[in-house]
1. Taking square-rooted eigenvalues a ≥ b ≥ c of the alpha carbon gyration tensor, is the stretch 25-106 rounded, prolate or oblate, where a/c under 1.5 means rounded and, failing that, a/b exceeding b/c means prolate?
2. Measure nothing but the geometry: give the 0 to 90° angle between the long axis through the Cα atoms of 153-171 and the longest principal axis through the Cα atoms of the chain, rounded to 10°.
3. Mind ranking 422-429, 180-187, 267-274 by how tightly packed they are, going by the mean number of other C-beta atoms within 10 angstrom, highest first?
4. Summing Lys, Arg as +1 and Asp, Glu as -1, what charge do residues with Cβ under 15 Å from the Cβ of Q93 carry, Q93 excluded?
5. Can you list the lysines whose alpha carbon sits under 19 Å from that of K133, skipping same-chain ones fewer than 8 residues off?
6. Average the reciprocal distances over every distinct pair of alpha-carbons in the stretch 406-526, invert the result, and give the Kirkwood radius in Å.
7. The stretch 162-227 to the stretch 442-485: how many Å between their Cα centroids?
8. Taking only the alpha-carbon positions of the stretch 482-563 and ignoring solvent, what does the Debye formula give for the base-10 log of I(q)/I(0) at q = 0.22 Å⁻¹?
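Please treat every number below as a calculation from the coordinates, not as lab data. Since we're looking at a predicted model, the values are computed, not measured. Neighbour counts run over all protein chains shown; Cβ positions are idealised from the backbone, glycine included.
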Amino acid sequence: MERAGGTDDQAAAASSPPPPPQFSLAGCAAALEAALSGRCCTPGRIWFKESSERNLRARDWIAPRGALSKLYQRGQVPEDLIERLLSEYLYIQSCKQTAAGLVIRLDHPALFKQVLSNLPLYTRPLKTSAKKKCVILNCMPLQGSRGLELLTVSHLRAILLADHLAEALRQQGCVVRATPNLPQNTAIWNFLKLLRVNWASTLQTTSSDGRVSYFKKILSESIYTQLRKSEAPTDPGHNALPKDVLFKVHLRQFVKEKELGGYDTNLDVALVQEEALRQIAELQRTILQSQADSEQCLVIHVVGCEEEFQQQKIDLLWQILNAGMDQVTQRHLVCGPVRIAGENSHLNAVQYFQFRRSQMQEASVMKYGSLVQGDSWAEIISSMTSATIRFELLATAHRSPLNLDLTEAVNISTKGTRSGAFVMYNCARLATLFDRFNKSVQQGLYPKFPETSQLNFSALQEEGEWLLLYNYIIPFRDVLCQTTQSLSSAKGIHLTVNTETVCKFLVNLGMDFSSYYNRVHILGEPLEHLFNQMFARLQLMKALREVFHTALATLHIPPPSQL
């Protein structure tokens, strides 16, 4: 009997249709491009995805008449091709020729069901490769013995960018190692901990004396090196090298002989100090530790534009030492300067943090009064300050200069739609929403959340609901990949990554979610005929909550439970 029953179950499973495949905007664009042109084209060449609420009322994709006229006479697509689009491609509800061009409207209820019934496929990071990639992030502002008082806001921008990039790469399955290793319980380590920077740290400093001695021997025998002793002045008026300089290395000669491109044309010689050799020794040690994870390593030097020239010297010096460089690729990720306007232009990184935290404290007191006290509020204010600073320093493309306005008149409250505080506020609204729902279930006002298969998503008719699904939930995985997609295709020594993508995405999501939340009552009256719509909307909010949380995790910002 058990065998017969199992056979029936297997037969039923075999006869049932397989679930629809995961929907992606990139896949949809590629299919539509190929259908019109008859060959594989770059997505977006003919078709354009709509994104504004006004246009999404009528269409989801458009192939403008101007683009179609290059393929078809008078821009008219043959009717049989339109019929084929409607019959062969999933999720297309209608395809019509209009004065503007060929427009497509997708099957919204079917896509709501597909996406909201399979949230992990859309809201969790995509592992981009089965083969592990090893990336080593060398954060130049953390190298050496720089005191906390010498840490500038430009340095902080580079540090936060490296921290965000490291987490984005880890989410995609890369093995990421960070250098330098920071000694724990030092001033700079404690400061970065306040900002929730998850950087490599150690209790004991590993000695690199042996490797440094080995490097000195290599340089002393190198054809590119001019030894200090040969610099001894015969003329008392001759300027001798500083005492802390070990070697004078001719980089220009090395670059010319090796035909290396992309380096600053002003690079000539490097006056090598022991600190430079110790930095290379730590990089080399990290490479050796990573060889078990991957045969190839990508080293990314994250550096401010002020120190880019010096870091190129380190890069070339490492190549001259040739310490296992055959399996290593070096790239330079350069951050533009941070310029502070007004009377606070002199602030260093710590003072900047303190300034923003005091503003957040004042804004919280103005809004919540005497409630703002105790450890929980201190944690909220600290988290909000960290979010504000990260969005402020990371929402601009990393190579571009960044202008900060730190005047007292600038309001960083949750009402500023471009701020990290605004994003956190809207994330907290979702937490409050589900807290209210759970309490109502406990009170017997609402039934428990049903299985997703029991929901009828055709109840999602409000325009803002489709906008949130189509612009944010469906493309979310692609957004996460945009941050690092240029790593494998970069040429030359410079690397450009879209580290501003997540911040901009979250700001736009916050604005569109806030608009929807302000006009739609998600938790309706406890009436049975309204429950399906309420649960369908709550499932949409679940997806948004996961998107918020996953995106904030790449910034090491814990999602707030209240505000």
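1. Numbers: a/c = 1.27, a/b = 1.15, b/c = 1.10.
It is rounded, given that a/c, with a ≥ b ≥ c, falls under 1.5.
2. Helix 153-171 sits at roughly 50 degrees to that axis.
3. Details: 422-429: 23.9, 180-187: 14.6, 267-274: 16.8.
Going from most to least packed, we get 422-429, 267-274, 180-187.
4. On the way: positive: R57, R59, K96, R105, K113; negative: E50, D60, E83, E88, D107.
Taking every Cβ under 15 Å from that of Q93, the sum is 0.
5. Leaving aside lysines fewer than 8 places away in the same chain, those within reach of K133 are K491.
6. On the way: mean 1/r = 0.0568 Å⁻¹.
With all distinct Cα pairs of the stretch 406-526 included, I get 17.6 Å.
7. 42 Å
8. With no solvent term, the Cα-only Debye profile gives -1.10.
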